[in-house]
Amino acid sequence: MPLSARQRLIRLDKWWFAALLGAATASSACSKPAKKAVPAASASASASASTSVAASEASAGDAAGAVPPPASGTRPPVPRASLAPPPLTAPADAQLGPGGVQYQVLRAGTGESPGSVDTVLIDFSMWTKDGQLAFSSYPEVQPTGFSISSLAPNLRSLLTQLKAGSHVRFWVPRAALAGWKPPEWPDADLAFDLELLAVTHVAVKDSGGNAIDPVPSHPPDAAGPPATAEATPSGLRYVYLAHAEAVRLPTANDHLDLRATVYVVDGIEVKLLQSGIKTATTLARAPGKLAEVLKRLSPGDRVQIWLPAGQGKAIIPEVGQREMILDLSVSF
């Protein structure tokens, strides 16, 4: 039986907050966490996105002159039938952000910007390229709230540059959500119409009281690595799920602490094989072709690696001849 909009919203919110609470314990804070620097491979895209979002907001604010909607917890529901899709392909004047995400600022906000672990209150509609409304919060009694940390890095980078009161559109290619797509979202290119209503600053700490940036884990699918995945010399493909605070590549003598989750592909099904693996190695002793990826990672980086059939066995023997997807984070 198809889910109602309210059921989809509840399920989506439960998934977002379960991911956040499963990663760490949150408590309110007065100041925002510092934004992260990204590795050199992504620095130019993120710098461009940050500058252009700010510039677009200034331009939109001058032109629009509209009063932002009140950042209240309720507002009159909008009939679903009255919702019209935005342009389903990005217009020529849309800005290009990280991961191929294009965006357009329709109204600049004047409130605070969210940090990477803050929670936000938003209203949004999500459309597929054929004009189908996949989800909208507008027909509901209340806007939706979630943690910025639960977003794909490409969207997180853009949303943290906006201010409360902003009205934006995003055109998001399927590949930009690799490893981060909520289960209820369509596996497709998507267009978003979104209003950022309010920001709540949050400090997330581990059991030792240290501030951390939680990273929810989302299972991969069987479609293989996205077109935007990076590649090693031998052809291993991988995407970043989280970036380190600073670039510091390992040396031959570094002791690399690894945390891993292992999936295998059986036909069109992706099965979880092992989770919570904690181990250590060095570049010289890394099995198979794993060192090709490890030597590119900094402490705090997290990646998802696709290994063709037969290549994962050298890393995790239980994989056998199956294709393996490795969710891996490193510290040293």
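For segment 293-315, the count of residues that are of a type in the set (D, E, K, R), within 26 Å of the chain's Cα centre (by Cα) and more than 15 Å from T261 (Cα to Cα) is at least one. Restricting attention to segment 98-146, the residues that are under 16 Å from the mean Cα position of the chain (by Cα), of a type in the set (S, T, N, Q) and surrounded by 21 or more Cβ atoms within 10 Å (Cβ to Cβ) total 2.
Against the condition surrounded by fewer than 16 Cβ atoms within 10 Å (Cβ to Cβ), modelled with pLDDT under 90 and β-branched (V, I, T), how does T89 come out, does it pass? It is false that T89 is surrounded by fewer than 16 Cβ atoms within 10 Å (Cβ to Cβ), modelled with pLDDT under 90 and β-branched (V, I, T).
From the list G100, G165, the lone residue that is on the phi > 0 side of the Ramachandran plot and in contact with a Lys or Arg (Cβ under 8 Å, 6 or more places away or on another chain) is G165. If the condition is being at pLDDT 90 or above and either surrounded by fewer than 23 Cβ atoms within 10 Å (Cβ to Cβ) or farther than 27 Å from V303 by Cβ (or both), then segment 163-183 contributes K163, A164, G165, S166, H167, V168, R169, P173. Scanning segment 279-294 for residues being surrounded by 16 or more Cβ atoms within 10 Å (Cβ to Cβ) and not acidic (D, E) gives a total of 10. Checking every residue in segment 239-246 against the condition of being over 30 Å from V202 (Cα atoms) and not assigned by TED's automatic domain parsing to the domain that holds P173 gives zero matches.
The values are calculated or read from the model by the stated rules, or taken from the named source; none is laboratory data. If you're wondering where the values come from, they're calculated on a predicted model, not measured in any experiment. Every residue, glycine among them, receives a Cβ derived from its backbone with ideal geometry; neighbour counts consider all protein chains shown.
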